[in-house]
Every structure is written in C-alpha cells, then in structure tokens.
Amino acid sequence: MRERSAWAWVPSVSFGQGVPYVAVMMLSTVMYKNLGVSNADLAFYTAWLYLPWVVKPLWSPIVEMFGTKRRWTVLMQLVGGAGLAAVALTLHAPEFFRWTLVIFWLMAFSSATHDIASDGFYMLGLPTQHQQAAFVGVRSAFYKLAMIGGQGGLVYIAGELIKSTGDPAHAWSVVFALVAAFYLGLCAYHHVILPRPDSDHSHASGGALWQDFLHTFRSFFQKPAILTTLGFLLLYRLGEAQLLKMAAPFLLDPRDKGGLGLSTSDFGLVYGTIGVCALVIGGLAGGVTVSRFGLKRALMPMVFIMHVPDLVFVYLATALPDNLALVAVCLAVEQFGYGFGFAAFMLYMVLVADGEHKTAHYALCTGFMALGMMLPGMVSGWIQQQMGYQNFFIWACVSTLPAFAMAARVRIPAEFGRQ
C-alpha cells in the first residue's frame, strides 16, 4: 500500500459520510415544509427514508462479496452526488414530491451502503488499533461538522434565497445544486487520494460469508434477556422520535396554525446551528458522566435529563414567544438533554454487542435503533394534525414513559463504562 497521510482522507471521508444523511433526513423535512407539503405526508414519507439504515446490516455481506471497500466508497459518493443534482433539477416539476422522494430513497440506500463501506475502509486504511483510536475523535468531529453545515448553514442559505426571490423551489434548487457540485468534487478527490490497502479485496467465497452472517444473526437473538434489550432499543426514543419529526414544522408554521412562524434562515440559525452545537456538547457531557459513574448508576438520571427537557416544546407551543433568543435557549436546553441521554443509549448498544461478533451485533443494534425512529415518526404528522401542536407535544412527553420503564428493566454490570 502506498503510504499516504491519514489526514488527507479521514476528515474528508467522515464529512462526506454526513452530507447525504443530512440531506435525506434533515434538509428534506425543511424543504418539503417550505414547499407546502402537509405535516402528515411529510412525516410519513420522510420517516420511511430511515428504512435503509434499519436493514443496513442485512446487505453488508454484499459489500464484502463484490468489489473493494474503496471502490464502494467512491461509487456511493458518485451516486449521492448525482442524487443531489437530480433533486435540484426536479423541484420545479409538477410531481416534484413524488420524484424527489424516489431520489431521496435512492440516496438513502447509497448513504447507508457508504456507511458500511467507509467504516470498513477506515479499519483497512488505518491498520493499527493505535491509528484507529487516534482518529476516532476526528471522524466524529467532521461528521458533526457536516450536520452543522447542512442543518445550519445550508438551511440558512435557503432561507436567505427565499427572502430575496420569494420562490422556495428555486431557493432549494440552488442549494441542492451547490451541495451536488461540492459532493461530486469530493468524490473526484477521494477517487485520487484514497489509499489502496493490500488487504482491501472482495471475498469470493460468498457461500461461507452468508453462512457466517446467518450464524451471527442467530447468535444476536440468542443473547440473554434479548426481548428486554429489543424493547429498550425500540422504546428509548419513542417520544423523541415523534417530537423530532415535528420540530421543524412547528418552528416554521405560522402562528395562526399554532407554530412559531420562524423564517427558514432563523430556523437554520437557532435549531440547525445552536441546537446541533448543544447536541454535540450534551453528548460529550454524557460520555464524561458515564465514564465517571458507570452506566448502571448513570442511566436513570440520564433518561430524566434526556426526556424532561422535551417539556420546553409544550411551553413554546403554549406561550408562542416571539423572542428569538428565548427560543434559541429553549431549543439548546432540549438538544443538550437529547445529546446527554443519547450517550447512554449508544453505550448500552456497545454493552449489548460485546462478545464474539461485536461489530455485526452493534450494526444490528443500530438497525433496531433506526426502526425505533422510523415507526413513531411515520405517524407523528397525522397525530399532530389531529391534536394540534400543543396537545401533540404533551402526547410526545407522555410517550417518553416507556423509556423509563425499559431503563429500569435492563441489566447492566455495575462497573460497565466506568474508568
């Protein structure tokens, strides 16, 4: 393998991993709201976009069997860039909602496949555990930068273009065209710069690979107390899944519809930038807390800190404040709590996956995690339209109660996570 500095490709691949996810799961929601799609349709169809991440573990053997991980990584970036360009070109079409959903669906599958390939490529391109450990923080930081740049910066640009042109479709076409150009350029860069590890090759013995996969799959469901584990994975974010899907519509809807009436650019600032930064800080604080006290002792307080701040949406929907700074503080508190409690959830998945098939079992955990976001998110828009925003957010808070019940039932070793 030709020696190449990891700094030349690890940050950019991590950033590239986040771009299509942000476009599919975050930008699509704000864009459809700007274009007048109803909350019920918006929530139902965009929640379906989680499906590729739900079933991602099931087709990971295909990535192993055909082609190298380097080739899969570059190819999926090319598909993602083409998808972003296609969204830009179809937004003025009469059937834009249908066509863009198809494109986002294909982008979601390419993004999930990119996750499989790039995660594997990191381990091949950084062959020693010391190198892998050294770049864990770098990977996380650049992935989150993609989230801030997308949910914050790109939404802000779209909002300013909407103000200047009065045409949301044109504004989002420009934004997606810019992102497509950037992402295709990133793809071309990686085609040249990514190393070619000698160990990066396809596995010709597909039969043996599938047998190993089926054995690994069965062994996951033979773990002790697996039903409790699955209940925890599916219900831990039951309330949050509904709330998050309706957060953008609530913040953007006019006041006569029960929303806060924020402009798209203000939304990008307070939720996409300040909110995501608070989310990251909360995650870091949660990690420190677990390392100090251990997961068993910290879990229930972290569940409280994650879910109790959801009440700020009840306050916002009741008071409808017009002070942007106050709204920003409320959203930062909620997102900090979400990040703080989610750190416990992530560490619990590490505990569940521990054992002979650690990587594959962790991937299965993330599939159930995505399913726990997809199913509640699908119905959240319909529930909101039946109840109104204020009652919907009360319902979302009530929906957090199963998380407390499951947290009380899971078995965690006393010193797990403590350093």
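Bear in mind these aren't lab numbers, they're just calculated from the coordinates by the rules spelled out. Predicted model, so just to flag it, every value in this text is computed and none were measured. Neighbour counts run over all protein chains shown; Cβ positions are idealised from the backbone, glycine included.
A few notes on this one:
- Entries of 245/296; 56/358; 144/296; 69/223; 33/257 with Cα pairs more than 19 Å apart: 245/296; 144/296; 69/223
- Prolate/oblate/rounded label for the chain (Cα gyration tensor, a/c 1.5): oblate
- Within the chain, the longest run free of trypsin sites (Lys or Arg not before Pro) that sit in a DSSP loop with at most 12 other Cβ atoms within 10 Å is 3-410.
- Cα gyration tensor category, rounded, prolate or oblate, for the range 224-411 with a/c compared to 1.5: prolate
- GNM top mover of 167, 198, 354 - the chain, alpha-carbon springs below 10 Å: 198
- Net dipole in debye of the range 222-286 [+1 Lys, Arg Cβ; -1 Asp, Glu Cβ; about Cα centre; nearest 20]: 240 debye
- Other residues within the sphere of radius under 15 Å centred on the Cβ of residue 296, judged by their own Cβ, net out at +3 (K and R +1, D and E -1).
- Total charge dipole magnitude, the range 247-394, about the Cα centre, Cβ charges on Lys, Arg, Asp, Glu only, Debye to nearest 20: 380 debye
- Here's the picture: charge each Lys and Arg Cβ at +1 and each Asp and Glu Cβ at -1 in the chain, and of 142, 16, 359 the one pushed furthest to the positive end of that dipole is 359.
- Selection from 231, 278, 251, by position along the positive dipole direction of the range 224-411 (Cβ): 231
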